[in-house]
C-alpha cells in the first residue's frame, strides 16, 4: 500500500489561507489502512480545524467527504457538488489523490493534508516499513524476496557495503542490513548459489530516471468512436 | 479561576461541563455505587457509558469539546483488570494522543484525563470527579466557550 503521514495542524491551517469553506476529502483505500487519510482521520481533522479556527477567530466552515479511491475519476464524480461549493479542497489522499482531484476539478484549489511517504506494509500494528521503490524492474526473484533497492540505503545489487555491522545498517542501528537479510534467507533455503551470479548495473530508465512513467494496455482500452461497431 | 472565566459566568462560579466516558464494567458501576452510598461529588460531570474504554475513539473526545465540554475524563478498569484484556491500555494511549491534538488545536491538554478504578471503588470515582472538576475550574471554561462568549458579547458585558 501507499503509506502516508498527516501534516501538522499548523502547516495545514497555513495552506488553507483565508478560504472560508473547506472541504476535506478523505480516501477509502491505502491511506485508510495506514490511518492517515480515511473517513475517521478526515472527521478528526475536520473537528480539529473547526475548533482551532474558532479559537483563533477565523471560524472556518469545514466539512468532510470520503471517496472509495481518490485516484479514479468515477469516484471523484460523486463529490462534484461539494467540491464546487468549497473555497478550497484539502485532500487526505496520497500525492496521486491530490493530483487526481486537481486534474478532475480544474477550477478547484486543492492542497495536500498528507505527506506521501513510501510503498510499504504494516510490520506490526502501528508500525509501517518501506518495501518497494517502484523501480520498474523487479529483481526479488534472485534476492529471496527481499528488495535491495527499497531496503538497502545504497541500493547495492551485489552484496553489502562495509557499513554492515552485526546485521544492521550503518545508517541506523534500527535498520536491518538488506543484504544480511538476503544472505540469511537464501542460506536458509539452500539457495546461496544465486549470490554467485553478478548482477549487472541496473537500468534505471525503468525507474524515475526515465522521467514520468506510463503503462498502456491496448487489450484493455476502450475502442475509439471510429472503431466502435455501428448499430444496425 | 481566571477573571475572564468569572466574567463569562456573570460573576459566579461558571457552569462547568465535564463528560465522563465510563466503562460498563467498572467506572459506570462505581458511579452507580457512589449514588447508592450517597457519596457526594460535583454535579458538573455527565456520564456516558461505554462497553469498555477500548471503545473510546479520539473523535468521541473531540466531539465532546466541539459541543461544549470543558473537560473530558475517561474512566476504565484498573490496569491489568480489563474485561477485554487490553481495552483500558488502548484508551490510555488514545487519551495521550488526544492530549497532543488538543495542544495543537489550542485547548489545554489537561482538560482530558484518564482514571482507573474498579466497580467497588465508589470513593475513588467521587475523588476522580472532584479532581477533574477542580482542574477544569482552575482552567476556566474551554477556549471554545470563551470565544463564543466574546463573539456574543463583544463589549464585555456579562450575559
**Asked** Mind checking which residues of the range A:39-59 are more than 7 Å from chain B (Cβ to nearest Cβ) and buried (at least 20 other Cβ atoms within 10 Å of the Cβ)?
**Response** A:41, A:42, A:45, A:46, A:49, A:53
**Scope the range A:166-198; condition outside any helix (DSSP H, G or I) and either exposed (fewer than 12 other Cβ atoms within 10 Å of the Cβ) or in contact with a helix residue (DSSP H, G or I) (Cβ under 6 Å, 6 or more places away or on another chain) (or both); matching residues** = A:166, A:167, A:172, A:173, A:174, A:189, A:190, A:197, A:198
**Request:** Mind listing whichever residues of the range A:1-10 are under 17 Å from residue A:51 (Cβ atoms) and either out of contact with any helix residue (DSSP H, G or I) (no Cβ under 8 Å at 6 or more places or on another chain) or part of a strand (DSSP E or B) (or both)?
**Result:** A:6
**Considering residues of the range B:12-45 that are in contact with a strand residue (DSSP E or B) (Cβ under 7 Å, 6 or more places away or on another chain) and in a helix (DSSP H, G or I) only, the residue farthest from residue B:82 (Cα to Cα)** = B:31
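FYI, it's all coordinate maths here, none of it is from the lab. This one's a predicted model, so the numbers in the text were calculated from it and none came from an experiment. Positions of Cβ are generated from backbone atoms using ideal geometry, with glycine treated the same way; all protein chains shown enter the neighbour counts.
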